[in-house]
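Colleague: Let me give you the structure first, and then I'll get to my questions.
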Amino acid sequence: MPFVDLHSKADYASIFYTTNTLFSNVSGFNPEKPSIVILHPIFLDLSWIDFQLGDPRLNSVYNIFAFDLRSSGKSICRLSGRHDSWVDAADLAFCFQVC
């Protein structure tokens, strides 16, 4: 299962992601296809988007990333009162740099 580990002086997060490739990681992406990101709603996890990942109308056209946001699903992080949508956006930006 692929994770992206994000480290800083005061924080740690291990963000779980999956893709629509055979082994659920980015190494199987087709460079000819555009990539899209699907995010789940707040308080849910990646199981909510299983139908979108398996939809042949999307799979045949796009490389699909799907991330569990911080403290959702299989992602692991330190609890913090500073966690908000800005933190989730920053997490995604860092994940794209690593992936």
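Colleague: Please enumerate the residues belonging to the stretch 1-29 that are outside any helix (DSSP H, G or I) and open to solvent by 60 Å² or more (accessible area, probe 1.4 Å).
Modeller: From the stretch 1-29, those outside any helix (DSSP H, G or I) are 1-25, 29; that's our starting set.
1, 3, 5, 7, 8, 9, 10, 12, 22, 23 - these are the residues of the stretch 1-29 that are outside any helix (DSSP H, G or I) and open to solvent by 60 Å² or more (accessible area, probe 1.4 Å).
Listed here are the residues, each with its yes/no results for (1) touching a helix residue (DSSP H, G or I) at 6+ places or on another chain (Cβ under 8 Å); (2) among the aromatic types (Phe, Trp, Tyr).
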site	(1), (2)
9	no, no
13	yes, no
22	yes, no
43	no, yes
50	no, no
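Colleague: Another question, then. Any idea which of (1) out of contact with any Leu (no Cβ under 7 Å at 6 or more places or on another chain); (2) over 14 Å from residue 99 (Cβ atoms) is the one residue 52 doesn't satisfy?
Modeller: With (1) out of contact with any Leu (no Cβ under 7 Å at 6 or more places or on another chain); (2) over 14 Å from residue 99 (Cβ atoms) applied to residue 52, the lone miss is (1).
Colleague: Scanning the stretch 63-82 for residues that are open to solvent by less than 70 Å² (accessible area, probe 1.4 Å) and in a loop (DSSP other than H, G, I, E, B), which turns out nearest to residue 30 (Cα to Cα)? Outline the logic, then answer.
Modeller: Going residue by residue through the stretch 63-82, those that are open to solvent by less than 70 Å² (accessible area, probe 1.4 Å) are 63-73, 75, 77, 80.
Pick out the ones that are also in a loop (DSSP other than H, G, I, E, B) and you get 68-73, 75, 80.
Numbers: 68: 22, 69: 25, 70: 27, 71: 30, 72: 28, 73: 27, 75: 26, 80: 37 Å.
Restricting to residues being open to solvent by less than 70 Å² (accessible area, probe 1.4 Å) and in a loop (DSSP other than H, G, I, E, B), the top hit is 68.
Colleague: From the list 35, 60, which residue is closer than 15 Å to residue 19 by Cβ, exposed (fewer than 15 other Cβ atoms within 10 Å of the Cβ) and of a type in the set (S, T, N, Q)? Walk me through it before giving the result.
Modeller: Numbers: 35 fails: exposed (fewer than 15 other Cβ atoms within 10 Å of the Cβ).
The conditions single out 60.
Colleague: Look through the stretch 90-99, keep the residues that are over 11 Å from the mean Cα position of the chain (by Cα) and among the aliphatic types (A, V, I, L, M), and return whichever of them is least open to solvent (accessible area, probe 1.4 Å).
Modeller: 90
Colleague: Next question. Is it the case that residue 51 is assigned to a helix (DSSP H, G or I), in contact with a Phe, Trp or Tyr (Cβ under 9 Å, 6 or more places away or on another chain), farther than 13 Å from residue 2 by Cβ and open to solvent by 30 Å² or more (accessible area, probe 1.4 Å)?
Modeller: Working: assigned to a helix (DSSP H, G or I): yes; in contact with a Phe, Trp or Tyr (Cβ under 9 Å, 6 or more places away or on another chain): no; farther than 13 Å from residue 2 by Cβ: yes; open to solvent by 30 Å² or more (accessible area, probe 1.4 Å): yes.
No.
The values are calculated or read from the model by the stated rules, or taken from the named source; none is laboratory data. Keep in mind the model is a prediction, meaning the values are calculated, not measured. Here Cβ is always computed from backbone atoms with ideal geometry, including for glycine, and neighbour counts include all displayed protein chains. Each accessible area value is taken on the protein alone, full model and side chains, heavy atoms only, with ligands, DNA and RNA left out. Shrake-Rupley method; radii C 1.70, N 1.55, O 1.52, S 1.80 Å.
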